[in-house]
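Below is one structure, written out as C-alpha coordinates; comments come after it.
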Amino acid sequence: MRVRSAVVRVTAAVLAAGCLTACAEGAPAAGPDRTAPTAADSAASATAGRTASSTTGPGTSAARPGTSAASARTGQNDRSSAAGGHRCSPSVSIDRYSDALDKTTFQGTFVGNLSALTRDTDGSLAALSDRSVLIGLDGRSHRPVRATKIIDEKGAVLDAEGLAVEPGGRYLVSSETEPSVRRYDRSGALLGRLPLPKALQVEPAGRAQSNQTFEGLTLDPGGRTLTAAMEGQLTGDGKDSAGRPLLRFQTWQRQGSGTRPAPYRLSRQYAYPVDAGLGVSEIAALPDGRLLVLERGFTAGVGNTVRLYLADPRRANDVSGVGGLPGGKAVRPARKKLLADLGACPSLGAPAHQQQTNPLLDNIEGMAITGRAPGGRLRVLLVSDDNESPKQITRLYSLTVRPGGR
(Lines give C-alpha, C1' and ligand atoms only; values in the text may rest on other atoms or scores of the structure.)
Protein backbone atom coordinates (compact mmCIF):
# COMPACT_ATOMS: atom_id res chain seq x y z
CA MET A 1 0.00 0.00 0.00
CA ARG A 2 1.38 3.43 -0.89
CA VAL A 3 2.03 6.30 1.47
CA ARG A 4 -0.93 8.28 2.75
CA SER A 5 -0.08 11.36 4.86
CA ALA A 6 -1.94 12.37 8.02
CA VAL A 7 -1.25 14.33 11.18
CA VAL A 8 -0.81 12.17 14.26
CA ARG A 9 -0.58 13.24 17.88
CA VAL A 10 1.48 10.59 19.66
CA THR A 11 1.06 10.18 23.40
CA ALA A 12 2.31 7.66 25.91
CA ALA A 13 -0.96 5.77 25.59
CA VAL A 14 -0.23 4.79 21.97
CA LEU A 15 3.41 3.80 22.06
CA ALA A 16 2.62 0.29 20.80
CA ALA A 17 0.09 1.48 18.25
CA GLY A 18 -0.28 1.33 14.49
CA CYS A 19 -2.37 2.91 11.75
CA LEU A 20 -4.69 1.45 9.18
CA THR A 21 -2.65 2.58 6.19
CA ALA A 22 0.57 1.47 7.83
CA CYS A 23 3.06 2.91 5.41
CA ALA A 24 4.29 6.26 6.59
CA GLU A 25 1.88 8.10 8.84
CA GLY A 26 -1.44 7.36 10.48
CA ALA A 27 -3.66 7.03 13.51
CA PRO A 28 -2.92 5.16 16.75
CA ALA A 29 -3.99 1.61 17.46
CA ALA A 30 -5.15 -0.22 20.53
CA GLY A 31 -3.61 -3.28 22.16
CA PRO A 32 -3.48 -6.79 20.73
CA ASP A 33 -6.18 -9.44 20.71
CA ARG A 34 -7.07 -10.89 24.09
CA THR A 35 -5.30 -14.14 23.22
CA ALA A 36 -1.95 -12.34 23.51
CA PRO A 37 0.99 -14.01 25.32
CA THR A 38 1.08 -13.88 29.10
CA ALA A 39 3.43 -11.70 31.12
CA ALA A 40 5.73 -14.69 31.48
CA ASP A 41 5.85 -15.09 27.72
CA SER A 42 6.63 -11.39 27.34
CA ALA A 43 9.45 -11.69 29.84
CA ALA A 44 10.91 -14.60 27.87
CA SER A 45 10.77 -12.56 24.66
CA ALA A 46 12.42 -9.62 26.38
CA THR A 47 15.20 -11.89 27.62
CA ALA A 48 15.74 -13.19 24.08
CA GLY A 49 15.92 -9.61 22.83
CA ARG A 50 18.53 -8.66 25.42
CA THR A 51 20.60 -11.69 24.48
CA ALA A 52 20.57 -10.75 20.80
CA SER A 53 21.41 -7.14 21.59
CA SER A 54 24.40 -8.20 23.66
CA THR A 55 25.90 -10.14 20.75
CA THR A 56 25.25 -7.65 17.96
CA GLY A 57 25.74 -3.94 18.25
CA PRO A 58 23.08 -1.38 17.36
CA GLY A 59 22.60 -0.93 13.64
CA THR A 60 24.87 -3.85 12.70
CA SER A 61 24.26 -7.28 11.27
CA ALA A 62 26.28 -10.04 12.81
CA ALA A 63 27.13 -13.20 10.89
CA ARG A 64 28.00 -16.64 12.10
CA PRO A 65 31.55 -17.95 11.64
CA GLY A 66 32.31 -18.58 7.99
CA THR A 67 29.96 -15.87 6.72
CA SER A 68 31.69 -13.21 4.66
CA ALA A 69 31.93 -9.58 5.74
CA ALA A 70 30.26 -8.63 2.47
CA SER A 71 27.24 -10.74 3.42
CA ALA A 72 27.07 -9.03 6.79
CA ARG A 73 27.14 -5.58 5.17
CA THR A 74 24.08 -6.44 3.09
CA GLY A 75 22.09 -7.10 6.25
CA GLN A 76 22.14 -10.89 5.95
CA ASN A 77 21.94 -12.40 9.43
CA ASP A 78 22.31 -16.17 9.44
CA ARG A 79 22.74 -16.77 13.17
CA SER A 80 20.29 -19.57 13.98
CA SER A 81 20.12 -21.77 17.05
CA ALA A 82 19.57 -25.51 16.95
CA ALA A 83 16.14 -24.90 18.49
CA GLY A 84 15.05 -23.03 15.36
CA GLY A 85 16.24 -19.45 15.67
CA HIS A 86 15.58 -16.65 18.15
CA ARG A 87 12.23 -16.74 19.92
CA CYS A 88 9.70 -13.97 19.39
CA SER A 89 7.00 -15.89 21.28
CA PRO A 90 6.23 -19.50 22.21
CA SER A 91 4.90 -19.98 18.65
CA VAL A 92 7.30 -17.97 16.49
CA SER A 93 11.06 -17.59 16.15
CA ILE A 94 13.08 -15.50 13.74
CA ASP A 95 15.94 -17.33 12.04
CA ARG A 96 17.50 -14.48 10.07
CA TYR A 97 16.81 -11.33 8.09
CA SER A 98 18.31 -9.95 4.89
CA ASP A 99 18.50 -6.46 3.38
CA ALA A 100 20.30 -7.72 0.26
CA LEU A 101 17.42 -6.66 -2.04
CA ASP A 102 17.15 -3.13 -0.67
CA LYS A 103 17.44 -0.41 -3.36
CA THR A 104 18.66 -2.85 -6.02
CA THR A 105 17.69 -3.35 -9.66
CA PHE A 106 17.37 -6.38 -11.93
CA GLN A 107 17.66 -5.94 -15.70
CA GLY A 108 16.67 -2.31 -15.34
CA THR A 109 13.71 -3.03 -13.02
CA PHE A 110 13.69 -1.64 -9.49
CA VAL A 111 13.45 -4.48 -6.97
CA GLY A 112 11.27 -2.90 -4.33
CA ASN A 113 7.69 -1.79 -3.57
CA LEU A 114 7.09 -5.48 -2.76
CA SER A 115 3.54 -5.96 -1.53
CA ALA A 116 3.08 -9.73 -1.86
CA LEU A 117 5.07 -12.94 -1.82
CA THR A 118 4.24 -16.58 -2.56
CA ARG A 119 5.82 -19.88 -3.62
CA ASP A 120 5.88 -20.50 -7.35
CA THR A 121 5.35 -23.85 -9.03
CA ASP A 122 8.99 -24.13 -10.19
CA GLY A 123 10.43 -23.89 -6.67
CA SER A 124 11.20 -20.18 -6.91
CA LEU A 125 9.38 -17.37 -5.10
CA ALA A 126 7.06 -14.92 -6.82
CA ALA A 127 7.06 -11.39 -5.45
CA LEU A 128 4.72 -8.61 -6.53
CA SER A 129 5.57 -4.94 -6.80
CA ASP A 130 2.68 -2.54 -6.37
CA ARG A 131 4.13 -0.76 -9.39
CA SER A 132 2.70 -3.60 -11.53
CA VAL A 133 5.72 -5.92 -11.79
CA LEU A 134 6.02 -9.64 -11.03
CA ILE A 135 9.52 -10.40 -9.75
CA GLY A 136 10.84 -13.95 -9.51
CA LEU A 137 13.29 -14.75 -6.69
CA ASP A 138 15.54 -17.78 -6.46
CA GLY A 139 14.10 -20.19 -3.91
CA ARG A 140 17.35 -20.48 -1.95
CA SER A 141 19.37 -17.30 -2.40
CA HIS A 142 16.32 -15.02 -2.87
CA ARG A 143 18.16 -13.22 -5.65
CA PRO A 144 16.04 -11.87 -8.55
CA VAL A 145 15.86 -14.18 -11.55
CA ARG A 146 13.10 -12.59 -13.66
CA ALA A 147 10.90 -9.52 -13.90
CA THR A 148 7.58 -9.36 -15.76
CA LYS A 149 5.42 -6.28 -16.18
CA ILE A 150 1.64 -6.67 -16.02
CA ILE A 151 -1.16 -4.33 -17.12
CA ASP A 152 -4.94 -4.12 -16.98
CA GLU A 153 -7.46 -4.39 -19.84
CA LYS A 154 -6.74 -0.80 -20.96
CA GLY A 155 -2.97 -1.17 -20.86
CA ALA A 156 -2.60 0.73 -17.58
CA VAL A 157 -0.49 -0.32 -14.61
CA LEU A 158 -2.08 -1.77 -11.47
CA ASP A 159 -1.86 -0.87 -7.81
CA ALA A 160 -1.13 -4.56 -7.29
CA GLU A 161 -1.23 -5.79 -3.69
CA GLY A 162 -2.05 -9.52 -3.56
CA LEU A 163 -0.60 -12.53 -5.37
CA ALA A 164 -1.37 -16.24 -5.64
CA VAL A 165 -0.13 -18.95 -8.02
CA GLU A 166 -2.42 -21.64 -9.40
CA PRO A 167 -1.19 -25.26 -9.50
CA GLY A 168 -0.83 -24.88 -13.27
CA GLY A 169 1.45 -21.87 -12.86
CA ARG A 170 -0.87 -19.01 -13.73
CA TYR A 171 -0.87 -15.92 -11.54
CA LEU A 172 -3.76 -14.33 -9.65
CA VAL A 173 -3.20 -10.65 -8.86
CA SER A 174 -5.41 -8.39 -6.76
CA SER A 175 -5.55 -4.63 -7.14
CA GLU A 176 -6.90 -2.37 -4.41
CA THR A 177 -8.13 0.42 -6.65
CA GLU A 178 -11.37 -1.08 -8.11
CA PRO A 179 -10.80 -3.60 -6.43
CA SER A 180 -10.17 -6.57 -8.73
CA VAL A 181 -8.61 -10.00 -9.08
CA ARG A 182 -7.09 -10.75 -12.49
CA ARG A 183 -5.45 -13.86 -13.97
CA TYR A 184 -2.18 -13.77 -15.94
CA ASP A 185 -0.14 -16.41 -17.73
CA ARG A 186 3.57 -16.97 -17.16
CA SER A 187 4.48 -14.29 -19.71
CA GLY A 188 2.32 -11.68 -17.99
CA ALA A 189 -0.49 -11.78 -20.57
CA LEU A 190 -3.91 -10.94 -19.11
CA LEU A 191 -6.32 -13.92 -19.19
CA GLY A 192 -9.39 -12.55 -17.46
CA ARG A 193 -10.96 -11.16 -14.35
CA LEU A 194 -12.89 -12.76 -11.48
CA PRO A 195 -16.45 -11.74 -10.52
CA LEU A 196 -16.80 -9.38 -7.57
CA PRO A 197 -19.68 -8.58 -5.18
CA LYS A 198 -21.02 -5.07 -5.71
CA ALA A 199 -20.70 -4.15 -2.03
CA LEU A 200 -16.90 -4.66 -2.15
CA GLN A 201 -16.42 -2.13 -4.93
CA VAL A 202 -15.07 1.30 -4.04
CA GLU A 203 -17.63 4.01 -3.28
CA PRO A 204 -19.87 5.20 -4.88
CA ALA A 205 -20.23 1.95 -6.85
CA GLY A 206 -20.03 -0.07 -3.63
CA ARG A 207 -19.25 0.42 0.06
CA ALA A 208 -15.47 -0.04 0.10
CA GLN A 209 -13.11 2.80 0.94
CA SER A 210 -10.45 3.87 -1.54
CA ASN A 211 -7.06 2.23 -0.92
CA GLN A 212 -8.58 -0.12 1.70
CA THR A 213 -9.63 -3.13 -0.35
CA PHE A 214 -7.87 -6.35 -1.49
CA GLU A 215 -4.51 -6.16 0.27
CA GLY A 216 -4.15 -9.91 0.93
CA LEU A 217 -4.69 -12.86 -1.45
CA THR A 218 -4.12 -16.60 -1.02
CA LEU A 219 -5.00 -19.85 -2.76
CA ASP A 220 -5.37 -23.04 -0.74
CA PRO A 221 -2.75 -25.74 -1.49
CA GLY A 222 -5.28 -27.74 -3.51
CA GLY A 223 -6.03 -24.78 -5.75
CA ARG A 224 -9.78 -24.88 -5.10
CA THR A 225 -10.44 -21.96 -2.73
CA LEU A 226 -9.17 -18.44 -3.33
CA THR A 227 -9.46 -15.88 -0.51
CA ALA A 228 -9.04 -12.10 -0.69
CA ALA A 229 -8.75 -10.01 2.46
CA MET A 230 -10.04 -6.47 2.69
CA GLU A 231 -7.56 -4.18 4.42
CA GLY A 232 -10.22 -1.85 5.81
CA GLN A 233 -13.90 -1.84 6.60
CA LEU A 234 -16.90 -1.30 4.37
CA THR A 235 -18.93 1.79 5.12
CA GLY A 236 -21.72 0.76 7.50
CA ASP A 237 -19.84 -2.16 9.08
CA GLY A 238 -19.09 -2.00 12.79
CA LYS A 239 -17.20 -3.79 15.55
CA ASP A 240 -17.48 -7.01 17.50
CA SER A 241 -18.21 -7.16 21.24
CA ALA A 242 -14.49 -6.67 22.00
CA GLY A 243 -14.39 -3.41 20.03
CA ARG A 244 -12.46 -4.84 17.09
CA PRO A 245 -13.44 -3.59 13.59
CA LEU A 246 -14.92 -6.33 11.42
CA LEU A 247 -13.40 -6.74 7.96
CA ARG A 248 -14.69 -8.93 5.14
CA PHE A 249 -12.80 -11.81 3.55
CA GLN A 250 -14.18 -12.89 0.16
CA THR A 251 -13.75 -16.39 -1.26
CA TRP A 252 -14.09 -17.99 -4.70
CA GLN A 253 -14.35 -21.69 -5.55
CA ARG A 254 -13.41 -23.64 -8.64
CA GLN A 255 -13.77 -27.27 -9.57
CA GLY A 256 -11.68 -29.47 -11.84
CA SER A 257 -7.98 -29.46 -12.63
CA GLY A 258 -5.57 -29.90 -15.51
CA THR A 259 -5.56 -27.65 -18.55
CA ARG A 260 -9.27 -26.73 -18.45
CA PRO A 261 -10.42 -26.22 -14.85
CA ALA A 262 -13.80 -24.63 -14.20
CA PRO A 263 -13.93 -20.84 -13.77
CA TYR A 264 -13.84 -19.27 -10.32
CA ARG A 265 -17.27 -18.69 -8.82
CA LEU A 266 -18.14 -16.37 -5.97
CA SER A 267 -18.44 -18.27 -2.72
CA ARG A 268 -18.91 -17.38 0.92
CA GLN A 269 -17.78 -14.21 2.59
CA TYR A 270 -16.96 -14.03 6.29
CA ALA A 271 -16.07 -11.45 8.92
CA TYR A 272 -12.62 -11.11 10.46
CA PRO A 273 -11.98 -9.06 13.66
CA VAL A 274 -8.85 -6.94 13.12
CA ASP A 275 -7.05 -5.24 16.01
CA ALA A 276 -8.18 -1.63 16.42
CA GLY A 277 -6.04 0.75 14.38
CA LEU A 278 -4.44 -2.00 12.29
CA GLY A 279 -5.21 -3.40 8.86
CA VAL A 280 -4.72 -6.78 7.22
CA SER A 281 -1.69 -6.67 4.94
CA GLU A 282 -1.42 -10.36 3.93
CA ILE A 283 -2.90 -13.83 4.37
CA ALA A 284 -1.56 -17.34 3.70
CA ALA A 285 -3.71 -20.48 3.53
CA LEU A 286 -2.94 -23.66 5.47
CA PRO A 287 -3.98 -27.09 4.14
CA ASP A 288 -6.65 -27.53 6.84
CA GLY A 289 -8.57 -24.35 5.94
CA ARG A 290 -7.05 -22.02 8.50
CA LEU A 291 -5.08 -18.89 7.60
CA LEU A 292 -2.00 -17.07 8.75
CA VAL A 293 -2.98 -13.40 8.92
CA LEU A 294 -0.54 -10.51 9.03
CA GLU A 295 -1.87 -7.34 10.69
CA ARG A 296 0.15 -4.17 10.34
CA GLY A 297 0.12 -0.52 11.27
CA PHE A 298 2.31 2.57 11.61
CA THR A 299 2.41 5.54 13.97
CA ALA A 300 4.61 8.51 13.10
CA GLY A 301 7.39 8.99 15.61
CA VAL A 302 6.87 5.47 17.02
CA GLY A 303 7.14 3.03 14.13
CA ASN A 304 5.46 -0.09 12.80
CA THR A 305 3.26 -2.56 14.59
CA VAL A 306 3.21 -6.03 13.01
CA ARG A 307 1.30 -8.99 14.47
CA LEU A 308 0.97 -12.53 13.15
CA TYR A 309 -2.33 -14.29 13.84
CA LEU A 310 -3.75 -17.73 13.18
CA ALA A 311 -7.34 -17.39 11.93
CA ASP A 312 -9.93 -20.16 11.74
CA PRO A 313 -12.83 -19.32 9.40
CA ARG A 314 -14.18 -22.85 9.11
CA ARG A 315 -17.17 -22.21 11.40
CA ALA A 316 -17.66 -18.58 10.45
CA ASN A 317 -21.01 -17.61 8.98
CA ASP A 318 -21.46 -16.44 5.41
CA VAL A 319 -22.03 -12.67 5.61
CA SER A 320 -22.34 -11.99 1.87
CA GLY A 321 -26.01 -11.15 2.42
CA VAL A 322 -25.49 -9.15 5.62
CA GLY A 323 -25.80 -5.42 4.98
CA GLY A 324 -24.02 -4.23 8.11
CA LEU A 325 -21.72 -6.11 10.45
CA PRO A 326 -21.73 -7.41 13.14
CA GLY A 327 -25.18 -8.49 11.98
CA GLY A 328 -26.54 -9.78 15.28
CA LYS A 329 -25.74 -12.68 17.57
CA ALA A 330 -26.39 -15.24 14.83
CA VAL A 331 -23.37 -14.03 12.84
CA ARG A 332 -20.18 -15.78 13.89
CA PRO A 333 -16.89 -14.24 12.60
CA ALA A 334 -13.62 -16.10 12.10
CA ARG A 335 -11.76 -16.88 15.30
CA LYS A 336 -8.16 -15.79 15.71
CA LYS A 337 -5.21 -16.46 18.00
CA LEU A 338 -2.13 -14.29 18.36
CA LEU A 339 1.02 -16.17 17.37
CA ALA A 340 3.45 -13.27 17.84
CA ASP A 341 3.78 -9.53 18.01
CA LEU A 342 6.89 -9.18 15.86
CA GLY A 343 7.94 -6.14 17.84
CA ALA A 344 8.89 -8.64 20.57
CA CYS A 345 11.37 -10.42 18.30
CA PRO A 346 15.10 -9.96 19.01
CA SER A 347 16.39 -7.15 16.79
CA LEU A 348 19.39 -9.21 15.59
CA GLY A 349 21.26 -5.91 15.30
CA ALA A 350 19.11 -4.80 12.38
CA PRO A 351 19.34 -1.14 11.30
CA ALA A 352 16.30 1.11 10.95
CA HIS A 353 16.02 4.18 8.70
CA GLN A 354 13.22 5.77 10.71
CA GLN A 355 11.96 5.64 14.29
CA GLN A 356 11.01 2.10 15.34
CA THR A 357 10.38 0.60 18.77
CA ASN A 358 12.21 -2.44 17.36
CA PRO A 359 14.66 -1.59 14.53
CA LEU A 360 14.00 -5.00 12.98
CA LEU A 361 10.54 -3.87 11.90
CA ASP A 362 9.55 -2.11 8.72
CA ASN A 363 6.47 -1.89 6.49
CA ILE A 364 5.88 -5.67 6.20
CA GLU A 365 3.33 -6.50 3.49
CA GLY A 366 4.14 -9.90 1.98
CA MET A 367 4.11 -13.42 3.44
CA ALA A 368 4.76 -16.87 2.00
CA ILE A 369 4.82 -20.35 3.52
CA THR A 370 8.00 -21.77 2.00
CA GLY A 371 8.17 -25.23 3.60
CA ARG A 372 7.91 -27.33 6.73
CA ALA A 373 10.22 -27.83 9.67
CA PRO A 374 10.28 -30.73 12.18
CA GLY A 375 7.49 -30.91 14.73
CA GLY A 376 4.73 -29.54 12.52
CA ARG A 377 6.34 -26.13 12.26
CA LEU A 378 6.22 -23.94 9.14
CA ARG A 379 8.94 -22.03 7.35
CA VAL A 380 7.56 -18.56 6.65
CA LEU A 381 9.16 -15.72 4.70
CA LEU A 382 8.04 -12.11 5.08
CA VAL A 383 8.96 -9.09 2.96
CA SER A 384 8.60 -5.36 3.57
CA ASP A 385 7.52 -2.72 1.06
CA ASP A 386 10.02 0.15 0.94
CA ASN A 387 7.78 2.44 -1.19
CA GLU A 388 11.06 3.54 -2.87
CA SER A 389 11.62 5.68 0.22
CA PRO A 390 15.03 6.25 1.83
CA LYS A 391 13.28 5.92 5.19
CA GLN A 392 12.08 2.38 4.47
CA ILE A 393 13.82 -0.91 3.66
CA THR A 394 13.13 -3.90 1.43
CA ARG A 395 13.81 -6.55 4.05
CA LEU A 396 13.25 -10.32 4.07
CA TYR A 397 12.45 -12.11 7.35
CA SER A 398 12.83 -15.88 7.76
CA LEU A 399 10.55 -17.23 10.51
CA THR A 400 9.72 -20.60 11.98
CA VAL A 401 6.06 -20.75 13.02
CA ARG A 402 4.23 -23.33 15.10
CA PRO A 403 0.53 -22.82 14.28
CA GLY A 404 -0.68 -25.30 16.88
CA GLY A 405 -3.71 -27.58 17.03
CA ARG A 406 -6.20 -28.16 14.29
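The values are calculated or read from the model by the stated rules, or taken from the named source; none is laboratory data. These numbers were taken from a predicted model, which means no experiment stands behind them. Cβ placement follows ideal geometry from the backbone for every residue including glycine, while neighbour counts extend to all protein chains displayed. Calculation scope for accessible area: heavy atoms of the full protein, side chains included, ligands and nucleic acids excluded. Shrake-Rupley method; radii C 1.70, N 1.55, O 1.52, S 1.80 Å.
For the stretch 182-321, the per residue solvent-accessible surface stands at 35 Å², with DNA, RNA and ligands left out and a 1.4 Å probe. Work from the charge dipole of the stretch 174-299 (Cβ charges, +1 for Lys and Arg, -1 for Asp and Glu, about the Cα centre) and give the residue of Thr251, Ala205, Gly192 farthest towards its positive end. Most positive-ward Cα: Gly192.
Computed over protein heavy atoms with a 1.4 Å probe, the carbon and sulfur contribution to the accessible area of the stretch 308-398 reaches 49%. Other residues with beta-carbon under 12 Å from the beta-carbon of Leu399 carry, at +1 per Lys or Arg and -1 per Asp or Glu, a net charge of +4. Nonpolar atom fraction for the stretch 95-249, defined as the carbon and sulfur part of the 1.4 Å probe accessible area, stands at 47 percent.
The share of C-alpha pairs in the stretch 231-293 whose separation exceeds 17 Å stands at 53 percent.
Remark: the Lys103-Ala373 segment gains 94.1 nm on full extension, using 0.36 nm per residue and subtracting the alpha carbon distance.
Were the residues from Lys239 through Asp122 laid out at 0.36 nm apart, the gain over their Cα-Cα distance would be 37.9 nm. Which entries in Lys198/Lys337; Lys239/Lys337; Lys149/Lys336 show an alpha-carbon gap greater than 24 Å? Those over the limit are Lys198/Lys337; Lys149/Lys336. Summing charges over neighbours of Arg207, with a neighbour being any other residue whose Cβ is under 11 Å away from its Cβ, gives 0 when K and R count +1 and D and E count -1.
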